[in-house]
Amino acid sequence: MKKLTGCVFLFLMAVLTAYGQQRQKYEFRRNLPVYADSLLKDLTYPMAWGNSPITDFNEWKKTARQKVFDCMLAPPPVANVSVNILATEQREGYRALKIEIPLSRYYTVPAYLLVPDGDGPFPAINALHDHGAHLFIGKEKMIRPLACEEDTVKADADAWAKNLYEGQYVGDYLAQHGYVVFSADAPMWGERGQQEGPRRDKYDMIAGNMMMYGIDLSAYMTYDDLAATEFLATLPYVDADRIGAVGCSMGAYRAWMLAALSDHIKAAACICWMTTTDEQLSFKYKRTENGGFANCLPGLRRWLDYPHIASLACPNAMLFINGRQDKLFPEAGAEKAFRIMHDVWRSQGADDQLETELWDMGHSCPQRAQERALQFLDKHLKPL
């Protein structure tokens, strides 16, 4: 038999790969190690409130927060914040600005800022956009794009708002009700994306490369959210004692992470992102994706589960809404997480500050959920 040429060999290998090469013995199945159940059994969460030997709640918060920051690896270096206004336009009852601010010494971040008409000071919201495996837009998922944006961006944002938010931009909705609203692109979204264009399959590769620098891409998203909230608190027309956060899906994850790690956040509305690791990373459900680098902080599961981290926001006001038909976050996981968090708030005599709800809906943020978030935020961020 004649020797295969290099090109023919590579072609045959590509064909075999396309049709799926399989070995009889393997160690990973459906994106998880086959020993996932054993891994889950070994997660005891020794830093969680009630598991930790620390009995003073404030001391526990300080220690557990530091553990989260340790697992977030090195933070980006702090920058002196100076705002560059790129565009402004008047909308019904509020002004819309496109700005750039340095959230670290490494990068300057495009963001939208909505400011109600009047003198203020106003309550403020950090509006945190979702993931959706759609990276072409970020801040534009939460705030209607300004006239200065390209038509492709405007059309894409309108389609996304229609699909996930029932046609309503959350940020504009809140601004119409008297809130200063800030929203920025997370790393890898919108104007912070990849030069070659947005591709979901490149996110994990870039996240892995970031770890080679000793930093974490998901952590940078949270560090940026913290820095943006610090910026909000400095604005003369913002009441620094009345700042909240809101988000759906990854935006909800960002919202409760921010509430857990920032003393500025007094209330947060989190829609369609809460679960426990034993439900998220198990073989119980047929999923194409379980966790992912967008919420991956190295080693943190060895210390705290998701609801334990969210409990660092106690005793502040928190709203969680999950959908009973949500295929990404099954009902059982949400219920377990809700019970864990209520135990924490109850232990501090603050259970009335935590509101958890399961709705008959899928993974979405319909207008009625936005109305519920507004009602909650008004209750806690607007004076009587």
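Just for the range 230-258: of the residues that are assigned to a strand (DSSP E or B) and aliphatic (A, V, I, L, M), which one is farthest from Met142 (Cα to Cα)?
Initially, the range 230-258 is screened for residues assigned to a strand (DSSP E or B), giving 238-248.
Still in the list and also aliphatic (A, V, I, L, M): 238, 240, 243, 245-246.
Values: Val238: 19, Ala240: 22, Ile243: 17, Ala245: 12, Val246: 10 Å.
Per the stated criteria, the residue is Ala240.
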Go through the range 66-116 and give me each residue that's open to solvent by 60 Å² or more (accessible area, probe 1.4 Å) and touching a Phe, Trp or Tyr at 6+ places or on another chain (Cβ under 6 Å). Pro75, Val81
Residue, nearest to Gly178 (Cα to Cα), within the range 200-237, restricted to residues that are surrounded by 15 or more Cβ atoms within 10 Å (Cβ to Cβ) and either touching a Gly at 6+ places or on another chain (Cβ under 7 Å) or hydroxyl-bearing (Ser, Thr, Tyr) (or both): Thr229
Here are some residues: Ala147, Ala157. Which one is among the aliphatic types (A, V, I, L, M), at pLDDT 95 or above and open to solvent by 40 Å² or more (accessible area, probe 1.4 Å)? Ala147
Mind checking whether some residue in the range 2-10 is modelled with pLDDT of 95 or more, in a loop (DSSP other than H, G, I, E, B) and open to solvent by less than 90 Å² (accessible area, probe 1.4 Å)? no
Inspect the range 173-190 for any residue being out of contact with any Ser or Thr (no Cβ under 7 Å at 6 or more places or on another chain), crowded, with 16+ Cβ neighbours inside 10 Å, of a type in the set (Gly, Ala, Ser) and under 20 Å from Leu300 (Cβ atoms) and give the result as yes or no. yes
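Residue by residue through the range 259-291, note down the ones that are in a loop (DSSP other than H, G, I, E, B) and under 18 Å from Tyr173 (Cβ atoms). Please lay out each step first, then the result.
Filtering the range 259-291 down to residues in a loop (DSSP other than H, G, I, E, B) leaves 262-264, 272-276, 281-291.
Residue satisfying the conditions is Cys272 alone.
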Within the set of pairs 6 or more residues apart or between chains, which connect a residue that is among the charged types (D, E, K, R) inside the range 134-155 to a residue that is at pLDDT below 95 and loosely packed, with under 11 Cβ neighbours inside 10 Å with Cβ atoms less than 6 Å apart? none
Selection from the range 333-352 of residues closer than 16 Å to Ile271 by Cα and not charged (D, E, K, R) yields Gly333, Ala334, Ala337, Phe338, Met341
Residues in the range 166-212 that are out of contact with any strand residue (DSSP E or B) (no Cβ under 7 Å at 6 or more places or on another chain), of a type outside the set (A, V, I, L, M), modelled with pLDDT of 95 or more and assigned to a loop (DSSP other than H, G, I, E, B): how many? 7
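Each row is one residue, and each column tells you yes or no for (1) within 23 Å of the chain's Cα centre (by Cα); (2) in contact (Cβ under 8 Å) with a residue 40 or more places away in the chain.
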site	(1), (2)
Asp56	no, no
Lys61	yes, yes
Asn80	no, no
Asn84	no, no
Gln90	no, no
Lys98	yes, yes
Arg105	yes, no
Pro121	no, yes
Lone qualifier among Asn316, Asn295, Asn322 - being open to solvent by 40 Å² or more (accessible area, probe 1.4 Å), polar (S, T, N, Q) and either in contact with a strand residue (DSSP E or B) (Cβ under 8 Å, 6 or more places away or on another chain) or closer than 30 Å to Asn209 by Cβ (or both): Asn316
Matching residues in the range 27-54 - criterion: being surrounded by 12 or more Cβ atoms within 10 Å (Cβ to Cβ), free of Cβ contacts under 8 Å to residues at least 24 places away in the same chain and closer than 22 Å to Asp343 by Cβ: Asn51, Ser52, Ile54
Taking the residues in the range 325-355 that are without any contact (Cβ under 8 Å) to a residue 40 or more places away in the chain and among the polar types (S, T, N, Q) as candidates, determine which candidate is most open to solvent (accessible area, probe 1.4 Å). Gln325
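The values are calculated or read from the model by the stated rules, or taken from the named source; none is laboratory data. No experiment lies behind these values; they were computed from the predicted model shown. We place every Cβ from the backbone using ideal geometry, glycine too, and count neighbours over all the protein chains shown. Accessible surface areas use protein heavy atoms only, side chains included; no ligands, DNA or RNA. Shrake-Rupley method; radii C 1.70, N 1.55, O 1.52, S 1.80 Å.
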